[in-house]
1. At most 13 other C-beta atoms within 10 Å and a DSSP loop state: those are the exposed chymotrypsin sites (Phe, Trp or Tyr not before Pro) I care about. Give me the longest piece of the chain that has none.
2. Taking the Cα centre as origin and putting +1 on Lys and Arg beta-carbons and -1 on Asp and Glu beta-carbons, what dipole magnitude results for region 100-228, to the nearest 20 debye?
3. Probe radius 1.4 Å, ligands and nucleic acids left out: which of Cys160, Cys108, Cys69 has the largest accessible area, and how do the rest follow?
4. Under unit Cβ charges (Lys, Arg +1; Asp, Glu -1), what dipole magnitude, rounded to 20 debye, does the chain have relative to its Cα centre?
5. Size of the dipole of region 17-63 about the Cα centre, Lys and Arg at +1 and Asp and Glu at -1 on the beta carbon, nothing else charged, in debye to 20?
6. Let me cross-check Glu54: its accessible surface, 1.4 Å probe, with only protein heavy atoms counted, in Å² to the nearest 10?
7. Quick one: accessible surface of Ser97, probe radius 1.4 Å, all protein chains present, in square angstrom to the nearest 10.
8. Find, among the GluC sites (Glu not before Pro) in region 85-177, those assigned to loop by DSSP (not H, G, I, E, B) with at most 15 other beta-carbon atoms within 10 angstrom.
Amino acid sequence: MEKTWIERQINTYHTRLQSLVYERSINEELGAPVVSPLFIFLTLWPQLHKEQIEEQQMIVALAVGAAKCSFDVHDHVTLETVEERDQLTVLAGDHYSGIYYQILAKHCQFDRIGHFSRAIMAVNEARTTYRFEREMTAELWLHYVKEIEVHLLEALYEDCGYAAYIPLLHLAYPLFLIDQKSEVFGLQKLSLEDQQMLSDTLRAQFEQQATRLSMTASEQDFWLGRVTLQQKEGEFIVI
């Protein structure tokens with residue numbers, strides 16, 4: 001995979017997404033929504049893999065990005081939304097969610113609205129359940145990564161005919177979160193021993209899946225977030 005071409009596609013996607021979801025009052029108060037370069041890469045993967053960016057698939061990928069923005073901003077809302085900033089955050093999440101529908105409707109992707117809406121409903125149900133989770137285990141943590149972080153990408157891969165890569169999503173995304181020492185879904189509540197055991201198990205399974213799918217070492221590096229994508233003056237640069 002040619003790194004500069006991937007860099008260009010990621011930046012094009014990021015610029016278009018930021019333009020689509022832009023709302024002056026929200027950006028001034030809360031800042032522009034942040035979507036990780038790994039999520040963007042995995043969102044674009046079906047097209048990057050073919051080394052051809054098709055506009056209709058890009059439209060769907062942008063809609064998925066808008067939905068992801070909605071989830072992420074809603075995660076910053078407390079259970080009792082009494083503060084003015086919390087209320088604005090709720091409105092921001094609703095705004096991004098509305099953009100998701102607008103993107104697909106504008107381009108007459110009505111069949112896809114139903115497909116992705118079911119995925120969005122499942123993610124929201126999992127997010128609600130997680131908020132009331134009192135304890136965390138490795139199995140539960142993996143469950144929430146799959147049901148909240150990966151579910152939209154699953155729906156996208158199914159839509160693109162890339163369902164064979166879904167098992168990799170279930171392995172690569174949690175591996176990246178562990179490597180980044182993320183606190184998403186209470187990972188920090190697991191002992192370091194459990195985290196290491198989980199990482200070793202996931203990595204071995206990832207390597208098996210990658211071999212089965214004949215992925216190159218470069219592709220694997222991108223999937224695991226090993227290729228550093230740094231942001232400089234609003235654009236991502238492959239390091």
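1. On the way: sites that count: Tyr22, Phe132.
The longest such stretch corresponds to 23-131.
2. Details: 12 positive and 18 negative charges, 72 e Å.
Using only the charged Cβ atoms, the result is roughly 340 debye.
3. Values: Cys160 35, Cys108 90, Cys69 5 Å².
The ranking, largest first, comes out as Cys108, Cys160, Cys69.
4. 440 debye
5. On the way: 2 positive and 6 negative charges, 23 e Å.
The calculation lands at about 100 debye.
6. Its accessible surface works out to 70 Å², give or take rounding.
7. That residue has around 40 Å² of solvent-accessible surface.
8. Working: sites: Glu125, Glu133, Glu135, Glu139, Glu147, Glu149, Glu154, Glu158; in loops: Glu133, Glu135.
Within region 85-177, the qualifying GluC sites (Glu not before Pro) (loop, at most 15 other Cβ atoms within 10 Å) are Glu133, Glu135.
The values are calculated or read from the model by the stated rules, or taken from the named source; none is laboratory data. None of these values were measured; they are calculated from a predicted model. In this analysis, Cβ positions are derived from the backbone assuming ideal geometry, glycine residues included, and neighbour counts consider all displayed protein chains. Ligands, DNA and RNA are excluded from the accessible area calculation, which covers all protein heavy atoms including side chains. Shrake-Rupley method; radii C 1.70, N 1.55, O 1.52, S 1.80 Å.
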